[in-house]
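**Q** Okay, here's the structure, questions in a sec.
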Amino acid sequence: MLYQRSSALFAEAEKVIPGGVNSPVRAFKGVGGTPIFVRRAKGAYLYDEDGNRLVDYINSWGPMILGHAFDPVVDAVTQRAKSGTSFGMPTELETQIAKLAISMVPNIDKIRFVNSGTEACMSAIRLARGYTKRDKIIKFAGCYHGHSDSFLIQAGSGASTFGVPNSPGVTQGTAKDTLLARYNDIENVSALVAANPNEIAAIIIEPVAGNMGCIPPVPGFLESLRELCTANGILLIFDEVMTGFRLAKGGAQELYDVEADIVAFGKVIGGGLPVGAFAARNEIMNYLAPVGPVYQAGTLSGNPLAMAAGLAMLEALNADAEIFQRLEEKTAYLENGIREVLDKNGVVYTINRKGSMISVHFAPDVVTDFTSAAKGDNDTFKKFFHGLLAEGVYIAPSAYETWFITDALTYDDLDFTIAAIDKVSKNL
Ligand code: PMP
């Protein structure tokens, strides 16, 4: 495959946009080479500026559960745009999507819409701090909750890819209020809580981590976190930006039957438009302005195009009783196929998967936290990535990202992908 036009477009972009991209991980720094510029996408496929077709395993980093340019979403957005694209005033649509989301997700009474996952998580911790009147939060090494200051402490995703987990520009004052724990290590979390009595407002976690590759919680971990939080007056925040409306209708809360106090959403809830949201029970949500004292706002929050897209997306997911089972089956099929060819070709690997989130770690041992994820062989990953790209399969350009499976993938697409992995893994 040729990528001449993408290379030329990237060179132009670099002149006017830092690194040529508007979000770092897109720049291929982790894998080398120049990023692919997309012209359009439909269903499970991306079509790039050089005319190549790629089977897409990123799916806009999660939201395209039902495929790119999903007709009900496209129709809803185009229809809505004709009536105006932003008012900064309430619309009925906002209540409609709020009601639907609340009916799908357990344990929430109210929801507020924002414009990104970053905003959702940032607002969730401000709310938790205001509600508990405490300053500190605990996050897990390798988890990513967006790029707001409090979270850029050992963050995963692009921050790990580029080896700058702690960003300059985050003040010492902010950093000291973020305590770091080891994912899947409840003793470690308990010790932090014990060492900071009555000071921790919230523990925020990706209930299935997706920003250090896919790392599911070990059995009992989320339940123990719940107990620890309840016993110590700490709010448990599930960052379901990846897992919400993907692992189950009610996200990880439903899947693991563990209640969070605040839930953050992103990506899926906007059907691919820039949307995030956070939600909780009444007693917590009523702490928000204009009802309560915790300030949070947004000119474009609840934007009608974004709400129309999100509503169409959630309606489609809600109406499809088999969607999550189908995704599970397709991803299990892919997992088995990958295992077969990697075993046959003698590759050292670990596959982690939960539902339709899956990643191949080129690591010899089980991957349960950031330290074990970081043991993955990045040179092997780079060869794997570029090999697959040459075969027309697009996975995230970083070993620290998960793959997101879309229902638009057919079993032929999955076989095509497994055959590509077979071919590529002979030369790893
Ligand atoms: N939380 C998680 C779990 C994420 O994966 C991401 C983005 N990948 C975010 C928060 C931030 O979302 P956004 O990029 O929309 O700001």
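**Q** From the list Thr410, Thr350, Thr371, pick out the single residue that is in contact with a His (Cβ under 8 Å, 6 or more places away or on another chain) and of a type outside the set (D, E, K, R).
**A** Details: Thr410 fails: in contact with a His (Cβ under 8 Å, 6 or more places away or on another chain); Thr371 fails: in contact with a His (Cβ under 8 Å, 6 or more places away or on another chain).
Every option except Thr350 fails the conditions.
Yes/no per residue for (1) within 19 Å of the chain's Cα centre (by Cα); (2) polar (S, T, N, Q); (3) modelled with pLDDT under 95:
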{"position": "Val114", "(1), (2), (3)": "yes, no, no"}
{"position": "Gly117", "(1), (2), (3)": "yes, no, no"}
{"position": "Ala124", "(1), (2), (3)": "yes, no, no"}
{"position": "Thr132", "(1), (2), (3)": "no, yes, no"}
{"position": "Leu152", "(1), (2), (3)": "yes, no, yes"}
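**Q** Any residue at all in segment 37-47 that is over 28 Å from Phe324 (Cα atoms), touching a Ser or Thr at 6+ places or on another chain (Cβ under 7 Å) and at pLDDT 95 or above?
**A** The answer is yes; a qualifying residue exists.
**Q** Okay, next question. Quick check on Asp56: is it more than 30 Å from Met285 (Cα to Cα) and touching a strand residue (DSSP E or B) at 6+ places or on another chain (Cβ under 8 Å)?
**A** Numbers: more than 30 Å from Met285 (Cα to Cα): yes; touching a strand residue (DSSP E or B) at 6+ places or on another chain (Cβ under 8 Å): yes.
In short, yes.
**Q** Can you tell me which residue in segment 330-366 is surrounded by the fewest Cβ atoms within 10 Å (Cβ to Cβ), limited to those that are assigned to a helix (DSSP H, G or I) and hydrophobic (A, V, I, L, M, F, W, C)?
**A** Ala332
**Q** On to the next question. Restricting to segment 90-110, name every residue that is farther than 21 Å from Gln79 by Cα, surrounded by fewer than 21 Cβ atoms within 10 Å (Cβ to Cβ) and among the β-branched types (Val, Ile, Thr).
**A** Looking only at segment 90-110, we keep the residues that are farther than 21 Å from Gln79 by Cα, and these are 99, 101-110.
Still in the running and surrounded by fewer than 21 Cβ atoms within 10 Å (Cβ to Cβ): 99, 102-104, 106-107, 109-110.
Answer for segment 90-110, where residues must be farther than 21 Å from Gln79 by Cα, surrounded by fewer than 21 Cβ atoms within 10 Å (Cβ to Cβ) and among the β-branched types (Val, Ile, Thr): just Ile102.
**Q** Would you list the strands (runs of 3 or more DSSP E) that sit entirely within segment 12-130 and hold 2 or more residues that are within 16 Å of the ligand (Cβ to nearest atom) and in the same structural domain as Thr178 (by TED's automatic domain parsing)? Give the steps one after another, and end with the answer.
**A** Working: elements: 38-42, 45-48, 53-56, 110-114.
It comes to 110-114.
**Q** Out of all the residues in segment 1-11, which are loosely packed, with under 12 Cβ neighbours inside 10 Å and in a loop (DSSP other than H, G, I, E, B)? Please lay out each step first, then the result.
**A** So the first thing to find is which residues in segment 1-11 are loosely packed, with under 12 Cβ neighbours inside 10 Å, and the list is 2, 4, 11.
The answer is Leu2, and nothing else.
**Q** Please go through segment 61-73 and give me each residue that is surrounded by fewer than 23 Cβ atoms within 10 Å (Cβ to Cβ) and farther than 14 Å from Ser356 by Cα, ordered by number.
**A** Hits for segment 61-73 are Ala69, Asp71, Pro72.
**Q** Restricting to segment 251-273, name every residue that is more than 15 Å from the ligand (Cβ to nearest atom) and under 21 Å from Ala332 (Cβ atoms). Can you show your working first?
**A** Step one: list which residues in segment 251-273 are more than 15 Å from the ligand (Cβ to nearest atom), which gives 254-259, 261.
If the condition is that a residue be more than 15 Å from the ligand (Cβ to nearest atom) and under 21 Å from Ala332 (Cβ atoms), then Glu254, Leu255, Tyr256 are the ones that fit.
**Q** Now for a separate question. With respect to Val367, is the statement that it is more than 28 Å from Ala408 (Cα to Cα), in contact with a helix residue (DSSP H, G or I) (Cβ under 7 Å, 6 or more places away or on another chain) and modelled with pLDDT of 95 or more true?
**A** The answer is yes for Val367.
The values are calculated or read from the model by the stated rules, or taken from the named source; none is laboratory data. Computed from a prediction, not measured in an experiment: that's the story for all the values here. Ideal geometry is used to build each Cβ from the backbone, glycine not excepted, and the neighbour counts take in all protein chains shown.
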